[in-house]
Amino acid sequence: MAFAQSSMESFYSSDPVFRMAVKQFEVLADHLEIPQQYRQRIIQPKRSVTVSLPIELDDGRVEVYHGYRVQHHLSIGPTKGGTRFSPRLTLGESAALSVWMSWKCALVGLPYGGAKGGVAVDPNKLSRREMEKLSRRYMQEMIPFVGPRTDIMGPDMGTNAQVMAWFMDTYSMHAGHAVPEIVTGKPVAIGGVAGRRESTGRGVVFLVERALDHLNIEPAKCTAIVQGFGNVGSVTACGLAYRSGMKITGLSDHTVCLYDPKGLDVSAADRHVQEHKTLKEFPQGERVKPEDFLTLPCDVLVPAAVERVIHASNAALLRCRVLAEAANGPTTPEADELLDQRREEIFVIPDVLCNAGGVITSYFEWVQDMQSLFWTDIEMTDRLYRILDTAFNAVSKRSKERNVSNRTAAMAIGIERVLEAKRDRGLFP
Ligand code: GLU
């Protein structure tokens, strides 16, 4: 590929997650016959920032953490995306996640490019005071690079409404007035919207039901396995159990994988995690090896944790009817080829569609903050489901008409929109 020789490539190319995002794009660029002159312009992130964050810990030691922010493209508006606190976060992973945010936003018609970033830290090892210091210091260092019209942060793995509130406060103190529109996923009292935390999982449940309807399968007769029990996994599991009436036969987090063909009590698991932080001691289900968990039989399989969990070694072994990708990048391109051969057996709801409910609701929050005019919950839910429904229909239609996978269809719609914007704007100067 031409961009393999690019000097820009060197920033991120050593990272396997970024290489995966590039590989996916190459496949799509060939499929869409995108001229070479546009390829690098589309895939290479526009800006990236790395910062070092010295924090005084509770015991008096000073620890320096690494923080990142990557803004993928600024062709149609500000960039948008989550802030992740995760021990394995790298610049390359942030870049890959920013690229996926771009396709996601374009697919569902939001006027944003993608962004992503965060801090390489295990948030479970920090006290609340240390979390606050790190969050404030991160935003402080980011002030020259972000803004309500430049780059708007939101929550992601390891962050929550409280972290967003610290970001908002730090930015606002610098500005000298409240700037709620600088972040989304804030508490309602400072310009957040009700249901942002639940919105990604709600979107996943809506789309799973939509897919089952498309396949003529009754949700109440289905079993589901959910990998990951954070914001997205827990809300999805509850929704599939109590809204769709499914039997949840598998639940997991980073400490344990639980399986019970007779069904697990999701609300008990939720209460357990609120009290004990993890599922480790949850007294239900058989303990299963992580490498066997995703290949257990079920109707609906929901990876809702990290990237690259479905790969060349397990894709052919999946035993689900619907694969709902609630996580970002859970399926490698090699696995995708195998899933493509199983298109009749497994209906994939690709990540850029499946988890878009979160950023759509963030967009609603940003619009309302910018206008200081707030909508009702019903208006928001209604708009969310309408956008997801339109995107689902567009993906299904394109997949059928062009005989391509749902992922190819979804990414093609997103990438074409970015390409069109770049074409319309032309090159400056
Ligand atoms: N973390 C969310 C995602 O991966 C988006 C965060 C936001 O709302 O900006 O889609």
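Any read-out appearing in this document is the output of simple, stated calculations on the displayed coordinates, not a laboratory observation. Please read these numbers as outputs of a predicted model, since none were measured by experiment. Neighbour counts run over all protein chains shown; Cβ positions are idealised from the backbone, glycine included.
What does the charge dipole of segment 1-127 about its Cα centre add up to, to the nearest 20 debye, if the Cβ of each Lys and Arg holds +1 and the Cβ of each Asp and Glu holds -1?
Numbers: 14 positive and 11 negative charges, 70 e Å.
Taking the Cα centre of segment 1-127 as origin, the dipole is about 340 debye.
Among VAL418, GLN227, VAL99, whose Cα sits farthest toward the positive end of the charge dipole of the chain (+1 at Cβ of Lys/Arg, -1 at Cβ of Asp/Glu, about the Cα centre)?
VAL418
Please give the FRET efficiency for ILE143 paired with ASN216, using the beta carbon to beta carbon distance and R0 = 56 Å, rounded to the nearest 0.05. Intermediate results must be reported in sequence, preceding the final value.
Values: r = 53 Å, r/R0 = 0.94.
With R0 = 56 Å, the Cβ-Cβ based efficiency is 0.60.
Just the number, please: percent antiparallel of the DSSP beta bridges in the chain, rounded to the nearest 5.
Values: 21 of 47 bridges.
So the antiparallel bridges amount to about 45 percent of the total.
Among the aspartates and glutamates, which fall within straight-line cross-link reach of LYS262, defined as a Cα-Cα distance under 17 Å, with same-chain neighbours fewer than 8 residues apart omitted?
Straight-line reach from LYS262, under 17 Å: GLU286, ASP299.
Would you mind working out the magnitude of the charge dipole of the chain relative to its Cα centre, with +1 at each Lys and Arg C-beta and -1 at each Asp and Glu C-beta, to the nearest 20 Debye?
Numbers: 50 positive and 51 negative charges, 117 e Å.
Rounded to the nearest 20 debye, it is 560 debye.
If R₀ is 35 angstrom, what is the calculated FRET efficiency for the pair ARG19 and ARG342, using the beta carbon separation as r and rounding to 0.05? Spell out each step's value before the answer.
Numbers: r = 24 Å, r/R0 = 0.70.
The calculated FRET efficiency here is 0.90.
About the Cα centre, and with charges only on the beta carbon of Lys, Arg (+1) and Asp, Glu (-1), how big is the dipole of segment 216-366? Nearest 20 debye, please.
Numbers: 14 positive and 21 negative charges, 83 e Å.
For segment 216-366, the charge dipole is close to 400 debye.
Could I have the simple spin-label model distance between SER52 and ARG425, label points 7 Å from Cα toward Cβ, reported in nm to one decimal?
3.3
Take every Cα pair under 8 Å in the chain that's 6+ residues apart, average their separations, divide by the length, and report that relative contact order as a whole percent. Could the numbers behind the result be given before it?
Details: 833 pairs, mean separation 62.3, N = 429.
Rounded, it is 15 percent for the chain.
Of the options VAL404, THR278, VAL208, report the single residue whose Cα projects farthest towards the positive end of the charge dipole of the chain (beta-carbon charges: Lys, Arg +1; Asp, Glu -1).
Among VAL404, THR278, VAL208, the one farthest towards the positive end of the dipole of the chain is VAL404.
Please enumerate, by chain and number, the lysines with C-alpha under 26 Å from the C-alpha of LYS422, excluding those fewer than 8 residues away in the same chain.
Partners found: LYS23, LYS46, LYS80, LYS104, LYS116, LYS397.
Multiply the residue gap between GLN36 and ARG402 by 0.36 nm, knock off their C-alpha separation, and tell me the result in nm, one decimal place. Walk me through the intermediate numbers first.
Values: separation 366, 0.36 × 366 = 131.76 nm, distance 2.27 nm.
Here the answer is 129.5 nm.
From the gyration tensor of the Cα coordinates in segment 30-166, what semi-axes in whole Å does the equivalent ellipsoid have, largest first, with each one equal to sqrt(5λ)? Can you show the working numbers first?
Details: eigenvalues 184, 40, 30 Å².
Computed over segment 30-166, the values are 30, 14, 12 Å.
Sort 139-146, 349-356 by packing, meaning the average of other beta carbons within 10 Å per residue, with the highest value first. Mind showing how you got there, number by number?
Details: 139-146: 17.6, 349-356: 27.4.
For the peptides 139-146, 349-356, the packing ranking is 349-356, 139-146.
Where q = 0.12 Å⁻¹, what log10 of I(q)/I(0) comes from the Debye formula for the chain, counting one point per Cα?
The Debye formula, applied to the Cα set alone, gives -0.98.
Each residue of segment 317-334 in order: what ³J(HN,Hα) in whole Hz does its phi give by Karplus 6.51 cos²θ - 1.76 cosθ + 1.60, θ = phi - 60°, with x for Gly and Pro?
Here the 3J(HN,Hα) series is 9, 4, 10, 10, 9, 10, 10, 9, 7, 6, 7, 8, x, x, 10, 6, x, 5 Hz.
Work out from phi, with θ = phi - 60° and the Karplus expression 6.51 cos²θ - 1.76 cosθ + 1.60, the ³J(HN,Hα) of each residue of segment 178-186, listed in order in whole Hz, and give x for Gly and Pro.
5, 10, x, 6, 7, 9, 10, x, 7
Can you tell me how much longer the chain between ASP265 and LYS289 gets when fully stretched, taken as 0.36 nm per residue apart minus their C-alpha distance, in nm with one decimal?
Numbers: separation 24, 0.36 × 24 = 8.64 nm, distance 2.02 nm.
Full extension of this stretch gives 6.6 nm more.
Before anything else, pin down the relative contact order of segment 13-132: Cα pairs under 8 Å, at least 6 apart, normalised by residue count, whole percent.
Numbers: 228 pairs, mean separation 33.4, N = 120.
RCO, segment 13-132: 28 percent.
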